[in-house]
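Structure first, then comments.
The values are calculated or read from the model by the stated rules, or taken from the named source; none is laboratory data. No experiment lies behind these values; they were computed from the predicted model shown. Glycine also receives a Cβ, built like all others from the backbone with ideal geometry; neighbour counts cover every protein chain displayed.
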Amino acid sequence: MSDFAVVSWLRGSTFVERRADGAWSKAHCSPGDVSLLPRSERSHWRWPGEIDVCHVYLTEDFVSKICAEIMNRCVADVQLNVVLKMRDPLITAAVAAITREAQHQELGSALYVEAVATQLAVHLLRNYASVTFREPSDKGRLSTAQVRRLTEYIDSNLNEKPNLESLAAVAGVGLWSFARHFRESFGQTPHAYIIARRIDRARRLLAQGSMPIKQVASACGFADQAHMTRVFQAHLHTTPAALRG
């Protein structure tokens, strides 16, 4: 499987055997039990009795995003522990809630399921997972590699108006904490930094003198020429036309 899987046992009691890496493990599973399956691992299962179970799948991207959010670190890999049988009321309740929403689509179902899945992922990360990080933490500052990726991304996408969500994704940092990490590393907010980069690019293009001011504004991500003029007046106390001479 490409996804992490949580199995909740709903009906029927039976002995279950699972083989992974050549070895068989065995347990008697019944309603209220939970099994955890890691992603990208081949396994074989067999059981003699009739059972009814529910599977909830969590994608690697979703779990890694939650992990980066709560740990403020750039995640390289997340592995879920292999569990054939255990009791965990929180997991059972989360699976039951998601199952109900899948069976009875109601107002806000997608948003509700995302919230429950987030809670489930956090619980799994806290108690049943191992995580490998790409770079060490540095007291809230972004790493050199993260700063480089951000500066390259911003400079390459000035005309497309990069937002906090895309910047946080580039850095591999949770959205809630990204602005704080950015300020610690760049000495200003993401918005202020992007404005400064737009002004710098616009000044260089204006100095070359070959591009109309309207096109310069568009190339640098300003809404229009009037917007660029207002920004220049606020930050440089001059206008684009005056800089062009």
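If you check 239, 189, which single one turns out to be farther than 30 Å from residue 63 by Cβ and polar (S, T, N, Q)?
One residue alone meets the criteria, 239.
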What number of residues within region 187-231 satisfy the criterion of being in contact (Cβ under 8 Å) with a residue 24 or more places away in the chain and assigned to a loop (DSSP other than H, G, I, E, B)? 4
Name the residue that is surrounded by the fewest Cβ atoms within 10 Å (Cβ to Cβ), counting only residues in region 1-55 that are of a type in the set (Gly, Ala, Ser), modelled with pLDDT of 90 or more and assigned to a loop (DSSP other than H, G, I, E, B). 32
Being assigned to a helix (DSSP H, G or I), more than 19 Å from the chain's Cα centre (by Cα) and either at pLDDT below 85 or not hydroxyl-bearing (Ser, Thr, Tyr) (or both) is the filter here, so list the residues in region 132-153 that pass it. 144, 148, 152
Reported set for region 154-174 where residues are more than 21 Å from residue 64 (Cβ to Cβ) and either in a helix (DSSP H, G or I) or touching a Ser or Thr at 6+ places or on another chain (Cβ under 7 Å) (or both) is 154, 155, 156, 158, 159, 160
Does region 170-182 contain at least one residue that is at pLDDT 90 or above, of a type in the set (S, T, N, Q) and either surrounded by fewer than 17 Cβ atoms within 10 Å (Cβ to Cβ) or outside the structural domain of residue 61 (by TED's automatic domain parsing) (or both)? no
In this structure, is residue 213 buried (at least 19 other Cβ atoms within 10 Å of the Cβ), of a type in the set (Val, Ile, Thr) and touching a helix residue (DSSP H, G or I) at 6+ places or on another chain (Cβ under 7 Å)? no
Do we find a residue being in a strand (DSSP E or B), in contact with a Phe, Trp or Tyr (Cβ under 9 Å, 6 or more places away or on another chain), surrounded by fewer than 19 Cβ atoms within 10 Å (Cβ to Cβ) and of a type in the set (Val, Ile, Thr) anywhere in region 58-71? no
Return a yes/no flag: does region 193-210 have any residue that is among the hydroxyl-bearing types (Ser, Thr, Tyr), farther than 30 Å from residue 78 by Cβ, surrounded by fewer than 13 Cβ atoms within 10 Å (Cβ to Cβ) and not assigned by TED's automatic domain parsing to the domain that holds residue 78. yes
Residues being in contact with a helix residue (DSSP H, G or I) (Cβ under 9 Å, 6 or more places away or on another chain) and surrounded by fewer than 12 Cβ atoms within 10 Å (Cβ to Cβ) - total across region 138-151: 1
Options 111, 10, 84; residue that is aliphatic (A, V, I, L, M), more than 19 Å from residue 125 (Cβ to Cβ) and without any contact (Cβ under 8 Å) to a residue 24 or more places away in the chain: 111
Residue 177 touching a residue at least 60 places away in the same chain (Cβ under 8 Å) and part of a helix (DSSP H, G or I): yes
